[in-house]
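> Can you keep this structure in mind? I'll have questions shortly.
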Amino acid sequence: MSLYVIGVGGTGAKCLEAVVQAASVGILSNNPAEPVNLLFVDADETNGNLDRARASLVSYQKCRGLFPQESPSLPWLRSRLESLPVWSPFGQVSTNKNLGSFFSYNTMQQNSSVLKDLFDVLYTEDERDVDLDVGFRGRPAIGSAVMSRIDLDSLDEEPWRTLIQRIKAEASSGDQPKILLCGSIFGGTGAAGLPTIGRLLSNKLKKELKSQVPPVACIFVLPYFGFAPPPSQDDDVYAKADAFLLNTEAALRYYLTQAEQTFNSIYLIGNQRFSNMRFSIGKQTQRNESHFVELFAALAVRHYATAPVPPDGSVLLMSRQSPGALTWNDLPDRAVVAPALINATRFAYLWLSNLAPELLRAQEVGVGRFQKEAPWFTRFFRPSAGALGGLFGRKGEELPEFNESEQADIEMISRWCEDYLRWLSEIHNCDGESIRLFDVSCFNELSGKAVMPDQLSRLVIDSGIEKSALARDTVSNLRNQLNNPNLVPLGSGSIGLAQTAFALCGQQLS
(Lines give C-alpha, C1' and ligand atoms only; values in the text may rest on other atoms or scores of the structure.)
Protein backbone atom coordinates (compact mmCIF):
# COMPACT_ATOMS: atom_id res chain seq x y z
CA MET A 1 0.00 0.00 0.00
CA SER A 2 1.38 3.36 -1.07
CA LEU A 3 0.54 6.73 0.43
CA TYR A 4 -0.04 9.82 -1.70
CA VAL A 5 0.10 13.17 0.12
CA ILE A 6 -0.78 16.34 -1.80
CA GLY A 7 0.13 19.64 -0.15
CA VAL A 8 -1.89 22.57 -1.51
CA GLY A 9 -0.61 26.13 -1.04
CA GLY A 10 1.88 27.56 1.42
CA THR A 11 0.39 25.85 4.47
CA GLY A 12 0.18 22.60 2.53
CA ALA A 13 3.91 22.89 1.79
CA LYS A 14 4.65 23.46 5.48
CA CYS A 15 2.61 20.37 6.34
CA LEU A 16 4.64 18.35 3.83
CA GLU A 17 7.81 19.70 5.40
CA ALA A 18 6.58 18.29 8.72
CA VAL A 19 5.77 15.00 6.95
CA VAL A 20 9.39 14.83 5.75
CA GLN A 21 10.64 15.40 9.30
CA ALA A 22 8.25 12.75 10.65
CA ALA A 23 9.62 10.32 8.05
CA SER A 24 13.14 11.28 9.16
CA VAL A 25 12.57 9.93 12.66
CA GLY A 26 10.74 6.83 11.41
CA ILE A 27 7.15 7.42 12.50
CA LEU A 28 5.37 8.05 9.21
CA SER A 29 4.73 4.49 8.13
CA ASN A 30 4.80 1.01 9.65
CA ASN A 31 6.27 -0.48 6.48
CA PRO A 32 9.39 1.20 5.07
CA ALA A 33 9.00 -0.71 1.81
CA GLU A 34 5.82 1.21 1.02
CA PRO A 35 6.63 4.40 -0.92
CA VAL A 36 5.27 7.76 0.18
CA ASN A 37 4.53 10.00 -2.82
CA LEU A 38 4.55 13.76 -2.24
CA LEU A 39 3.03 16.34 -4.58
CA PHE A 40 3.23 20.10 -4.06
CA VAL A 41 0.49 22.28 -5.56
CA ASP A 42 1.00 26.04 -5.65
CA ALA A 43 0.29 28.88 -8.05
CA ASP A 44 3.35 30.64 -6.55
CA GLU A 45 6.17 28.32 -7.53
CA THR A 46 8.74 30.61 -5.87
CA ASN A 47 6.95 30.55 -2.50
CA GLY A 48 9.47 30.51 0.34
CA ASN A 49 7.53 27.89 2.32
CA LEU A 50 7.46 25.65 -0.75
CA ASP A 51 11.16 26.20 -1.39
CA ARG A 52 12.14 25.27 2.17
CA ALA A 53 9.92 22.16 2.22
CA ARG A 54 11.48 20.95 -1.01
CA ALA A 55 14.96 21.65 0.36
CA SER A 56 14.17 19.47 3.41
CA LEU A 57 12.94 16.73 1.07
CA VAL A 58 16.12 16.90 -1.03
CA SER A 59 18.26 16.74 2.13
CA TYR A 60 16.27 13.68 3.25
CA GLN A 61 16.61 11.90 -0.09
CA LYS A 62 20.33 12.61 -0.48
CA CYS A 63 21.13 11.49 3.04
CA ARG A 64 19.03 8.35 2.68
CA GLY A 65 20.78 7.67 -0.62
CA LEU A 66 24.03 7.17 1.30
CA PHE A 67 22.66 4.01 2.92
CA PRO A 68 23.80 0.72 1.37
CA GLN A 69 21.16 -1.66 0.04
CA GLU A 70 21.85 -4.08 2.90
CA SER A 71 21.44 -1.31 5.47
CA PRO A 72 20.16 -2.58 8.82
CA SER A 73 16.62 -1.74 9.74
CA LEU A 74 16.74 1.55 11.62
CA PRO A 75 13.91 4.04 12.03
CA TRP A 76 16.16 6.84 10.78
CA LEU A 77 15.18 7.90 7.23
CA ARG A 78 13.59 4.53 6.63
CA SER A 79 10.61 5.66 4.49
CA ARG A 80 11.08 5.88 0.74
CA LEU A 81 9.92 9.40 -0.10
CA GLU A 82 9.24 10.11 -3.77
CA SER A 83 8.34 13.52 -5.13
CA LEU A 84 6.36 14.41 -8.21
CA PRO A 85 7.06 17.76 -9.93
CA VAL A 86 5.45 20.87 -8.44
CA TRP A 87 2.17 21.62 -10.17
CA SER A 88 0.84 25.11 -10.78
CA PRO A 89 -2.74 25.66 -11.98
CA PHE A 90 -1.31 28.18 -14.43
CA GLY A 91 0.74 25.46 -16.12
CA GLN A 92 2.51 26.83 -19.16
CA VAL A 93 0.40 30.00 -19.30
CA SER A 94 2.28 32.46 -21.50
CA THR A 95 -0.13 35.35 -20.98
CA ASN A 96 -0.18 37.60 -17.98
CA LYS A 97 -1.03 35.67 -14.83
CA ASN A 98 -4.17 37.50 -13.89
CA LEU A 99 -7.80 36.50 -13.80
CA GLY A 100 -8.76 38.67 -16.77
CA SER A 101 -6.17 37.10 -19.06
CA PHE A 102 -6.84 33.58 -17.78
CA PHE A 103 -10.54 33.86 -18.69
CA SER A 104 -10.06 36.05 -21.79
CA TYR A 105 -11.95 38.99 -20.34
CA ASN A 106 -11.30 41.16 -23.40
CA THR A 107 -12.91 38.52 -25.61
CA MET A 108 -15.92 38.44 -23.28
CA GLN A 109 -16.35 42.17 -23.75
CA GLN A 110 -16.50 41.71 -27.52
CA ASN A 111 -18.56 38.51 -27.78
CA SER A 112 -20.76 38.15 -24.70
CA SER A 113 -22.06 41.04 -22.69
CA VAL A 114 -23.82 38.56 -20.37
CA LEU A 115 -20.61 36.76 -19.40
CA LYS A 116 -18.79 40.05 -19.08
CA ASP A 117 -21.47 41.46 -16.78
CA LEU A 118 -21.44 38.29 -14.67
CA PHE A 119 -17.66 38.46 -14.39
CA ASP A 120 -17.90 42.10 -13.27
CA VAL A 121 -20.43 41.14 -10.58
CA LEU A 122 -18.24 38.35 -9.22
CA TYR A 123 -14.88 40.15 -9.30
CA THR A 124 -13.72 43.69 -8.78
CA GLU A 125 -11.49 45.38 -11.30
CA ASP A 126 -8.53 45.03 -8.91
CA GLU A 127 -9.18 41.29 -8.51
CA ARG A 128 -9.47 40.90 -12.28
CA ASP A 129 -6.20 42.65 -13.08
CA VAL A 130 -3.93 41.88 -10.11
CA ASP A 131 -0.83 39.81 -10.85
CA LEU A 132 -1.27 36.23 -9.58
CA ASP A 133 2.31 35.04 -9.97
CA VAL A 134 2.52 35.29 -6.16
CA GLY A 135 -0.52 33.02 -5.68
CA PHE A 136 -4.15 33.80 -5.04
CA ARG A 137 -3.50 36.49 -2.41
CA GLY A 138 -5.73 34.98 0.24
CA ARG A 139 -8.81 35.18 -2.00
CA PRO A 140 -10.53 31.77 -2.36
CA ALA A 141 -12.92 33.19 -4.98
CA ILE A 142 -9.99 33.95 -7.28
CA GLY A 143 -8.33 30.61 -6.66
CA SER A 144 -11.53 28.63 -7.16
CA ALA A 145 -12.06 30.18 -10.57
CA VAL A 146 -8.56 29.21 -11.71
CA MET A 147 -8.62 25.77 -10.07
CA SER A 148 -11.96 24.97 -11.72
CA ARG A 149 -10.19 24.86 -15.08
CA ILE A 150 -8.25 21.74 -14.09
CA ASP A 151 -9.02 18.87 -16.46
CA LEU A 152 -8.04 15.47 -15.10
CA ASP A 153 -10.01 13.58 -17.77
CA SER A 154 -7.41 14.09 -20.46
CA LEU A 155 -4.52 12.79 -18.33
CA ASP A 156 -2.24 14.75 -20.64
CA GLU A 157 -0.85 17.05 -17.99
CA GLU A 158 1.89 16.05 -15.61
CA PRO A 159 2.17 15.29 -12.78
CA TRP A 160 -1.50 14.23 -12.64
CA ARG A 161 -1.03 11.63 -15.37
CA THR A 162 1.75 9.88 -13.44
CA LEU A 163 -0.11 10.19 -10.13
CA ILE A 164 -3.34 8.65 -11.43
CA GLN A 165 -1.53 5.93 -13.39
CA ARG A 166 0.32 4.85 -10.22
CA ILE A 167 -2.88 4.80 -8.18
CA LYS A 168 -4.73 2.82 -10.86
CA ALA A 169 -1.90 0.28 -11.17
CA GLU A 170 -1.81 -0.35 -7.43
CA ALA A 171 -5.58 -0.52 -7.02
CA SER A 172 -5.89 -2.89 -9.99
CA SER A 173 -3.29 -5.23 -8.47
CA GLY A 174 -5.28 -5.61 -5.27
CA ASP A 175 -3.47 -3.05 -3.14
CA GLN A 176 -5.36 -0.18 -1.58
CA PRO A 177 -3.36 3.04 -1.91
CA LYS A 178 -4.35 5.89 0.37
CA ILE A 179 -4.63 9.50 -0.83
CA LEU A 180 -4.58 12.54 1.41
CA LEU A 181 -4.73 16.27 0.66
CA CYS A 182 -3.65 18.94 3.13
CA GLY A 183 -3.71 22.72 3.26
CA SER A 184 -5.39 25.67 4.91
CA ILE A 185 -9.06 26.49 4.40
CA PHE A 186 -8.70 30.12 5.45
CA GLY A 187 -6.34 31.50 2.81
CA GLY A 188 -6.24 31.45 -0.97
CA THR A 189 -4.58 28.50 -2.72
CA GLY A 190 -5.45 25.88 -0.10
CA ALA A 191 -9.03 27.05 0.38
CA ALA A 192 -9.56 27.04 -3.38
CA GLY A 193 -7.58 23.92 -4.21
CA LEU A 194 -8.68 21.43 -1.55
CA PRO A 195 -12.34 21.13 -2.59
CA THR A 196 -11.67 21.42 -6.32
CA ILE A 197 -8.77 18.98 -6.54
CA GLY A 198 -10.40 16.64 -4.04
CA ARG A 199 -13.65 16.52 -6.02
CA LEU A 200 -11.96 16.09 -9.42
CA LEU A 201 -9.57 13.43 -8.15
CA SER A 202 -12.34 11.53 -6.36
CA ASN A 203 -14.61 11.64 -9.42
CA LYS A 204 -11.81 10.57 -11.73
CA LEU A 205 -10.91 7.55 -9.58
CA LYS A 206 -14.56 6.52 -9.28
CA LYS A 207 -14.88 6.68 -13.05
CA GLU A 208 -11.66 4.76 -13.75
CA LEU A 209 -11.71 2.18 -10.94
CA LYS A 210 -15.41 1.76 -10.16
CA SER A 211 -15.51 -0.79 -7.29
CA GLN A 212 -11.84 -0.50 -6.34
CA VAL A 213 -11.80 3.20 -5.50
CA PRO A 214 -9.12 4.00 -2.88
CA PRO A 215 -10.04 6.26 0.04
CA VAL A 216 -9.37 9.97 -0.24
CA ALA A 217 -8.87 11.99 2.95
CA CYS A 218 -8.10 15.62 3.71
CA ILE A 219 -6.44 17.62 6.46
CA PHE A 220 -8.13 21.00 6.82
CA VAL A 221 -5.79 23.33 8.65
CA LEU A 222 -7.84 25.93 10.52
CA PRO A 223 -6.45 29.39 11.38
CA TYR A 224 -3.40 29.22 13.63
CA PHE A 225 -1.47 32.36 12.71
CA GLY A 226 -2.09 35.98 11.86
CA PHE A 227 -0.21 39.10 10.81
CA ALA A 228 -0.59 42.84 10.75
CA PRO A 229 -1.15 44.39 7.31
CA PRO A 230 1.62 46.61 5.92
CA PRO A 231 1.31 50.37 6.52
CA SER A 232 0.97 50.93 2.77
CA GLN A 233 0.32 48.65 -0.16
CA ASP A 234 0.17 49.32 -3.89
CA ASP A 235 -3.00 47.28 -4.29
CA ASP A 236 -5.76 46.09 -2.00
CA VAL A 237 -5.76 42.44 -3.08
CA TYR A 238 -3.79 40.49 -0.50
CA ALA A 239 -4.42 38.09 2.36
CA LYS A 240 -5.99 39.77 5.38
CA ALA A 241 -5.78 37.99 8.70
CA ASP A 242 -9.01 39.53 9.98
CA ALA A 243 -10.88 37.57 7.26
CA PHE A 244 -9.46 34.17 8.21
CA LEU A 245 -12.25 33.19 10.60
CA LEU A 246 -14.94 34.32 8.17
CA ASN A 247 -13.27 32.38 5.36
CA THR A 248 -13.09 29.32 7.61
CA GLU A 249 -16.78 29.48 8.54
CA ALA A 250 -17.78 29.75 4.88
CA ALA A 251 -15.51 26.85 3.93
CA LEU A 252 -16.83 24.56 6.66
CA ARG A 253 -20.42 25.32 5.64
CA TYR A 254 -19.53 24.44 2.05
CA TYR A 255 -17.96 21.11 3.02
CA LEU A 256 -20.95 20.26 5.21
CA THR A 257 -23.55 20.91 2.53
CA GLN A 258 -21.81 20.62 -0.85
CA ALA A 259 -18.75 18.38 -0.56
CA GLU A 260 -19.73 15.69 1.90
CA GLN A 261 -19.09 12.90 -0.63
CA THR A 262 -15.65 14.12 -1.68
CA PHE A 263 -13.56 12.82 1.23
CA ASN A 264 -13.78 9.54 3.15
CA SER A 265 -12.00 11.01 6.18
CA ILE A 266 -11.45 14.57 7.34
CA TYR A 267 -8.97 15.91 9.89
CA LEU A 268 -9.50 19.38 11.36
CA ILE A 269 -6.41 20.87 13.00
CA GLY A 270 -6.01 24.39 14.34
CA ASN A 271 -5.16 26.46 17.38
CA GLN A 272 -7.18 28.96 19.36
CA ARG A 273 -4.12 31.15 19.94
CA PHE A 274 -2.75 32.77 16.78
CA SER A 275 1.00 33.10 16.30
CA ASN A 276 2.30 36.30 14.71
CA MET A 277 3.82 35.87 11.27
CA ARG A 278 5.60 38.37 9.07
CA PHE A 279 3.36 39.84 6.38
CA SER A 280 4.21 38.84 2.82
CA ILE A 281 2.43 39.00 -0.50
CA GLY A 282 4.25 35.85 -1.59
CA LYS A 283 7.36 34.56 -3.36
CA GLN A 284 10.59 34.05 -1.40
CA THR A 285 9.59 36.44 1.39
CA GLN A 286 6.71 34.12 2.34
CA ARG A 287 8.96 31.89 4.43
CA ASN A 288 7.25 31.49 7.79
CA GLU A 289 8.77 29.60 10.69
CA SER A 290 7.44 26.12 11.33
CA HIS A 291 4.65 25.68 13.89
CA PHE A 292 3.64 22.83 16.19
CA VAL A 293 0.25 22.67 14.39
CA GLU A 294 2.18 21.35 11.38
CA LEU A 295 3.68 18.62 13.57
CA PHE A 296 0.15 17.54 14.42
CA ALA A 297 -0.72 17.60 10.72
CA ALA A 298 2.16 15.17 10.11
CA LEU A 299 0.88 12.98 12.96
CA ALA A 300 -2.55 13.04 11.28
CA VAL A 301 -0.84 11.76 8.11
CA ARG A 302 0.73 9.02 10.25
CA HIS A 303 -2.67 8.11 11.69
CA TYR A 304 -4.23 7.94 8.24
CA ALA A 305 -1.34 5.85 6.88
CA THR A 306 -1.15 3.34 9.74
CA ALA A 307 -4.72 3.04 11.08
CA PRO A 308 -7.55 1.11 9.39
CA VAL A 309 -9.99 3.20 7.39
CA PRO A 310 -12.58 4.28 9.99
CA PRO A 311 -16.26 3.35 9.55
CA ASP A 312 -18.51 5.98 8.01
CA GLY A 313 -19.66 8.52 10.55
CA SER A 314 -16.75 7.94 12.93
CA VAL A 315 -15.56 10.94 14.92
CA LEU A 316 -12.20 10.95 16.68
CA LEU A 317 -11.30 13.81 18.98
CA MET A 318 -7.88 14.98 20.12
CA SER A 319 -7.06 17.83 22.47
CA ARG A 320 -4.31 18.96 24.79
CA GLN A 321 -4.46 19.05 28.56
CA SER A 322 -3.88 22.79 29.02
CA PRO A 323 -4.43 25.72 26.62
CA GLY A 324 -1.19 27.49 25.81
CA ALA A 325 0.97 24.48 26.73
CA LEU A 326 2.15 21.38 24.88
CA THR A 327 3.80 18.41 26.62
CA TRP A 328 4.68 14.84 25.75
CA ASN A 329 1.31 13.73 27.12
CA ASP A 330 -0.45 15.74 24.40
CA LEU A 331 1.10 13.81 21.50
CA PRO A 332 -1.06 11.10 19.93
CA ASP A 333 0.57 7.63 19.96
CA ARG A 334 3.05 8.94 22.51
CA ALA A 335 4.51 5.47 23.12
CA VAL A 336 5.78 5.42 19.52
CA VAL A 337 6.16 9.10 18.67
CA ALA A 338 8.07 10.31 21.75
CA PRO A 339 10.92 7.72 21.68
CA ALA A 340 11.39 8.28 17.94
CA LEU A 341 11.66 12.06 18.30
CA ILE A 342 14.00 11.73 21.29
CA ASN A 343 16.19 9.16 19.52
CA ALA A 344 16.63 11.33 16.42
CA THR A 345 17.22 14.47 18.46
CA ARG A 346 19.87 12.83 20.63
CA PHE A 347 21.65 11.58 17.51
CA ALA A 348 21.50 14.92 15.65
CA TYR A 349 22.87 16.69 18.74
CA LEU A 350 25.61 14.07 19.29
CA TRP A 351 26.64 14.24 15.64
CA LEU A 352 26.82 18.03 15.41
CA SER A 353 28.28 18.66 18.86
CA ASN A 354 30.85 15.88 18.95
CA LEU A 355 31.27 13.36 16.13
CA ALA A 356 31.31 15.77 13.17
CA PRO A 357 33.76 18.19 14.89
CA GLU A 358 36.01 15.24 15.81
CA LEU A 359 35.99 14.00 12.23
CA LEU A 360 36.89 17.53 11.14
CA ARG A 361 39.86 17.33 13.49
CA ALA A 362 40.89 14.07 11.80
CA GLN A 363 41.15 16.04 8.55
CA GLU A 364 43.26 18.69 10.25
CA VAL A 365 45.73 16.54 12.21
CA GLY A 366 45.83 13.48 9.97
CA VAL A 367 44.52 9.96 10.41
CA GLY A 368 47.67 8.63 12.09
CA ARG A 369 47.51 11.08 14.98
CA PHE A 370 43.73 11.15 15.30
CA GLN A 371 43.27 7.36 15.54
CA LYS A 372 45.39 7.46 18.69
CA GLU A 373 43.15 10.14 20.19
CA ALA A 374 39.92 8.37 19.20
CA PRO A 375 40.37 4.57 19.03
CA TRP A 376 36.83 4.11 17.67
CA PHE A 377 38.01 5.72 14.42
CA THR A 378 39.66 2.50 13.19
CA ARG A 379 36.44 0.57 13.65
CA PHE A 380 34.92 2.52 10.76
CA PHE A 381 37.88 3.77 8.66
CA ARG A 382 41.08 2.21 7.39
CA PRO A 383 44.04 2.86 9.74
CA SER A 384 46.93 4.90 8.46
CA ALA A 385 49.81 3.14 6.70
CA GLY A 386 52.12 1.38 9.13
CA ALA A 387 49.62 1.49 11.98
CA LEU A 388 48.35 -1.65 13.67
CA GLY A 389 44.77 -0.50 13.46
CA GLY A 390 44.45 0.37 17.11
CA LEU A 391 43.29 -1.87 19.91
CA PHE A 392 39.76 -1.94 18.57
CA GLY A 393 40.39 -2.11 14.82
CA ARG A 394 38.15 -4.47 12.82
CA LYS A 395 40.00 -7.50 11.52
CA GLY A 396 39.49 -9.29 8.24
CA GLU A 397 37.36 -6.53 6.80
CA GLU A 398 38.06 -3.95 4.13
CA LEU A 399 37.38 -0.51 5.58
CA PRO A 400 37.19 2.66 3.48
CA GLU A 401 39.87 5.29 3.56
CA PHE A 402 39.06 8.59 5.22
CA ASN A 403 39.06 10.45 1.92
CA GLU A 404 37.15 13.31 0.28
CA SER A 405 34.21 11.04 -0.56
CA GLU A 406 33.76 10.12 3.10
CA GLN A 407 34.10 13.76 4.10
CA ALA A 408 31.34 14.68 1.64
CA ASP A 409 29.12 12.04 3.28
CA ILE A 410 29.86 13.57 6.69
CA GLU A 411 28.78 16.97 5.38
CA MET A 412 25.54 15.51 3.98
CA ILE A 413 24.70 13.87 7.31
CA SER A 414 25.43 17.18 9.07
CA ARG A 415 23.07 19.01 6.72
CA TRP A 416 20.25 16.64 7.60
CA CYS A 417 20.98 17.08 11.33
CA GLU A 418 20.98 20.89 10.99
CA ASP A 419 17.72 20.91 9.02
CA TYR A 420 15.98 18.60 11.48
CA LEU A 421 17.09 20.58 14.55
CA ARG A 422 16.16 23.85 12.80
CA TRP A 423 12.63 22.57 12.25
CA LEU A 424 12.39 21.22 15.79
CA SER A 425 13.61 24.52 17.23
CA GLU A 426 11.08 26.53 15.21
CA ILE A 427 8.06 24.53 16.38
CA HIS A 428 9.07 25.39 19.96
CA ASN A 429 9.02 29.15 19.27
CA CYS A 430 5.30 29.78 18.76
CA ASP A 431 3.99 33.03 20.23
CA GLY A 432 2.16 32.65 23.52
CA GLU A 433 2.78 28.89 23.68
CA SER A 434 4.84 26.88 26.14
CA ILE A 435 6.19 23.91 24.18
CA ARG A 436 7.72 21.51 26.69
CA LEU A 437 9.26 18.78 24.57
CA PHE A 438 12.91 19.74 24.12
CA ASP A 439 15.23 22.39 25.52
CA VAL A 440 15.95 24.06 22.19
CA SER A 441 18.49 26.42 23.76
CA CYS A 442 20.89 23.48 23.41
CA PHE A 443 20.43 23.59 19.64
CA ASN A 444 21.23 27.31 19.55
CA GLU A 445 24.57 26.59 21.21
CA LEU A 446 25.55 24.36 18.30
CA SER A 447 25.88 27.36 15.99
CA GLY A 448 27.95 29.39 18.46
CA LYS A 449 31.23 28.92 20.26
CA ALA A 450 29.75 28.10 23.64
CA VAL A 451 30.88 24.91 25.37
CA MET A 452 28.50 22.10 24.44
CA PRO A 453 26.60 20.61 27.40
CA ASP A 454 27.78 17.04 27.98
CA GLN A 455 24.49 16.06 29.64
CA LEU A 456 22.25 14.56 26.96
CA SER A 457 19.35 14.38 29.41
CA ARG A 458 19.25 18.17 29.31
CA LEU A 459 17.86 17.97 25.78
CA VAL A 460 14.53 16.42 26.82
CA ILE A 461 12.07 18.21 29.09
CA ASP A 462 10.30 15.93 31.59
CA SER A 463 12.07 12.89 30.19
CA GLY A 464 11.01 10.61 33.03
CA ILE A 465 14.53 9.19 33.33
CA GLU A 466 15.57 8.23 36.87
CA LYS A 467 18.18 10.43 38.55
CA SER A 468 20.69 7.58 38.80
CA ALA A 469 20.53 7.15 35.03
CA LEU A 470 20.61 10.87 34.29
CA ALA A 471 24.18 11.15 35.53
CA ARG A 472 25.29 8.51 33.02
CA ASP A 473 23.38 10.00 30.10
CA THR A 474 26.24 12.03 28.66
CA VAL A 475 27.83 12.65 25.29
CA SER A 476 31.11 11.28 26.65
CA ASN A 477 29.59 8.00 27.79
CA LEU A 478 27.67 7.54 24.56
CA ARG A 479 30.76 8.24 22.49
CA ASN A 480 32.81 5.86 24.61
CA GLN A 481 30.37 3.07 23.77
CA LEU A 482 31.84 3.22 20.26
CA ASN A 483 35.03 1.83 21.82
CA ASN A 484 33.24 -1.13 23.39
CA PRO A 485 34.88 -4.27 21.90
CA ASN A 486 31.52 -6.07 22.09
CA LEU A 487 29.81 -3.47 19.93
CA VAL A 488 28.94 -4.67 16.43
CA PRO A 489 29.15 -1.65 14.08
CA LEU A 490 26.25 -1.20 11.68
CA GLY A 491 28.39 -0.73 8.62
CA SER A 492 31.63 1.04 7.83
CA GLY A 493 32.75 4.53 6.90
CA SER A 494 30.81 7.70 7.71
CA ILE A 495 27.37 6.19 7.19
CA GLY A 496 28.28 3.14 9.28
CA LEU A 497 29.43 5.44 12.08
CA ALA A 498 26.22 7.49 11.83
CA GLN A 499 23.98 4.42 11.84
CA THR A 500 25.81 2.92 14.81
CA ALA A 501 25.60 6.20 16.72
CA PHE A 502 21.89 6.51 15.91
CA ALA A 503 21.26 3.01 17.25
CA LEU A 504 23.23 3.79 20.45
CA CYS A 505 21.20 6.97 20.97
CA GLY A 506 18.03 4.92 20.90
CA GLN A 507 19.06 2.44 23.54
CA GLN A 508 17.04 2.61 26.75
CA LEU A 509 18.86 3.94 29.79
CA SER A 510 18.98 1.64 32.79
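> Looking for something exposed (fewer than 13 other Cβ atoms within 10 Å of the Cβ) and either acidic (Asp, Glu) or modelled with pLDDT of 70 or more (or both) - is there at least one such residue anywhere in region 138-146?
So far as region 138-146 goes, no, none of its residues is exposed (fewer than 13 other Cβ atoms within 10 Å of the Cβ) and either acidic (Asp, Glu) or modelled with pLDDT of 70 or more (or both).
> Please enumerate the residues belonging to region 338-359 that are out of contact with any helix residue (DSSP H, G or I) (no Cβ under 6 Å at 6 or more places or on another chain) and free of Cβ contacts under 8 Å to residues at least 40 places away in the same chain.
Pro357, Glu358
> Of everything in region 1-30, what is farther than 18 Å from Ser73 by Cβ and open to solvent by 10 Å² or more (accessible area, probe 1.4 Å)? Give them in sequence order.
Residues satisfying the conditions are Met1, Gly10, Thr11.
> Moving on. What number of residues in region 435-463 are modelled with pLDDT of 85 or more, out of contact with any strand residue (DSSP E or B) (no Cβ under 6 Å at 6 or more places or on another chain) and either of a type in the set (D, E, K, R) or surrounded by fewer than 18 Cβ atoms within 10 Å (Cβ to Cβ) (or both)?
Result for region 435-463: 2.
> Might you let me know whether region 402-409 holds any residue that is among the acidic types (Asp, Glu), under 30 Å from Val20 (Cα atoms), open to solvent by less than 40 Å² (accessible area, probe 1.4 Å) and at pLDDT 85 or above?
Within region 402-409, one or more residues are among the acidic types (Asp, Glu), under 30 Å from Val20 (Cα atoms), open to solvent by less than 40 Å² (accessible area, probe 1.4 Å) and at pLDDT 85 or above.
> Please state which of the following conditions Ala33 fails to meet, knowing it meets all the rest: (1) at negative phi; (2) buried (at least 23 other Cβ atoms within 10 Å of the Cβ).
Here Ala33 meets the rest and fails (2).
> If Asn31 satisfies every condition in (1) farther than 19 Å from Met1 by Cα; (2) more than 11 Å from the chain's Cα centre (by Cα) but one, which is the exception?
(1)
> Can you spot a residue in region 260-277 that is of a type in the set (S, T, N, Q), in a strand (DSSP E or B) and at pLDDT 75 or above?
Checking region 260-277: at least one residue is of a type in the set (S, T, N, Q), in a strand (DSSP E or B) and at pLDDT 75 or above.
> In the set Leu163, Leu222, Leu194, Leu152, which member is at pLDDT 85 or above, within 29 Å of Val309 (Cα to Cα) and in contact with a helix residue (DSSP H, G or I) (Cβ under 8 Å, 6 or more places away or on another chain)?
Leu222
> If we scan region 298-310, do we find a residue that is at pLDDT 65 or above, over 25 Å from Asn31 (Cβ atoms), of a type in the set (Ser, Thr, Tyr) and open to solvent by less than 50 Å² (accessible area, probe 1.4 Å)?
Within region 298-310 (the criterion being at pLDDT 65 or above, over 25 Å from Asn31 (Cβ atoms), of a type in the set (Ser, Thr, Tyr) and open to solvent by less than 50 Å² (accessible area, probe 1.4 Å)), the answer is no, since none of the residues qualifies.
> Residue pairs, Cβ under 7 Å, 6 or more apart or interchain, first in region 94-120 and at pLDDT below 75, second exposed (fewer than 11 other Cβ atoms within 10 Å of the Cβ) and not in a helix (DSSP H, G or I). List them.
As it stands, the answer is Ser101/Thr95, since those pairs meet every condition given.
> Can you name the number of the only condition in (1) under 12 Å from the mean Cα position of the chain (by Cα); (2) farther than 14 Å from Glu289 by Cα; (3) not β-branched (Val, Ile, Thr) that Glu45 fails?
The failed condition is (1).
> Report yes if some residue within region 59-76 is at pLDDT below 90 and of a type in the set (Asp, Glu); otherwise report no.
Scanning region 59-76 turns up at least one residue that is at pLDDT below 90 and of a type in the set (Asp, Glu).
> When region 1-37 is examined, which residues are found to be assigned to a strand (DSSP E or B) and over 14 Å from Cys218 (Cα atoms)?
Once the filter is applied, which keeps residues that are assigned to a strand (DSSP E or B) and over 14 Å from Cys218 (Cα atoms), region 1-37 yields Val36, Asn37.
> Only one of Thr345, Thr327 is touching a Phe, Trp or Tyr at 6+ places or on another chain (Cβ under 7 Å) and over 17 Å from Asn480 (Cα atoms). Can you tell me which?
Matching residue, one of Thr345, Thr327: Thr345.
> I need the full set of residues from region 37-54 which are buried (at least 21 other Cβ atoms within 10 Å of the Cβ) and among the acidic types (Asp, Glu), in order please.
Asp42, Asp44
> Among the residues of region 362-375, count how many are open to solvent by less than 80 Å² (accessible area, probe 1.4 Å) and in a helix (DSSP H, G or I).
So the answer is 7.
> Further, regarding this structure: Could you say which residue among Leu66, Leu57, Leu81, Leu77 is touching a residue at least 12 places away in the same chain (Cβ under 8 Å), open to solvent by less than 60 Å² (accessible area, probe 1.4 Å) and in contact with a Gly (Cβ under 8 Å, 6 or more places away or on another chain)?
Testing whether each residue is touching a residue at least 12 places away in the same chain (Cβ under 8 Å), open to solvent by less than 60 Å² (accessible area, probe 1.4 Å) and in contact with a Gly (Cβ under 8 Å, 6 or more places away or on another chain) leaves just Leu77.
> Could you tell me which residue of region 171-191 is modelled with the highest pLDDT, considering only residues that are more than 30 Å from His291 (Cα to Cα) and part of a helix (DSSP H, G or I)?
Only one residue fits best here, namely Ala171.
> Scanning region 311-337 for residues that are over 14 Å from Tyr267 (Cα atoms), assigned to a loop (DSSP other than H, G, I, E, B) and modelled with pLDDT of 90 or more, which turns out least open to solvent (accessible area, probe 1.4 Å)?
Only one residue tops the list, namely Leu331.
> Would you check if Leu16 is touching a Lys or Arg at 6+ places or on another chain (Cβ under 6 Å) and aliphatic (A, V, I, L, M)?
no
> May I pose another question? Mind checking which pairs have a first residue in region 142-170 that is assigned to a helix (DSSP H, G or I) and a second that is modelled with pLDDT under 90 and of a type in the set (Asp, Glu), Cβ under 7 Å, 6 or more apart or different chains?
Here the result reads Ile142/Glu127; Lys168/Glu208, each pair linking region 142-170 to a residue that is modelled with pLDDT under 90 and of a type in the set (Asp, Glu).
The values are calculated or read from the model by the stated rules, or taken from the named source; none is laboratory data. Because the structure is predicted, anything quoted here is derived from the model rather than measured. For neighbour counting, all protein chains shown are included, and Cβ atoms are generated from backbone atoms with ideal geometry for every residue, glycine included. These area figures cover heavy atoms from the full protein model, side chains too; ligands, DNA and RNA do not enter into them. Shrake-Rupley method; radii C 1.70, N 1.55, O 1.52, S 1.80 Å.
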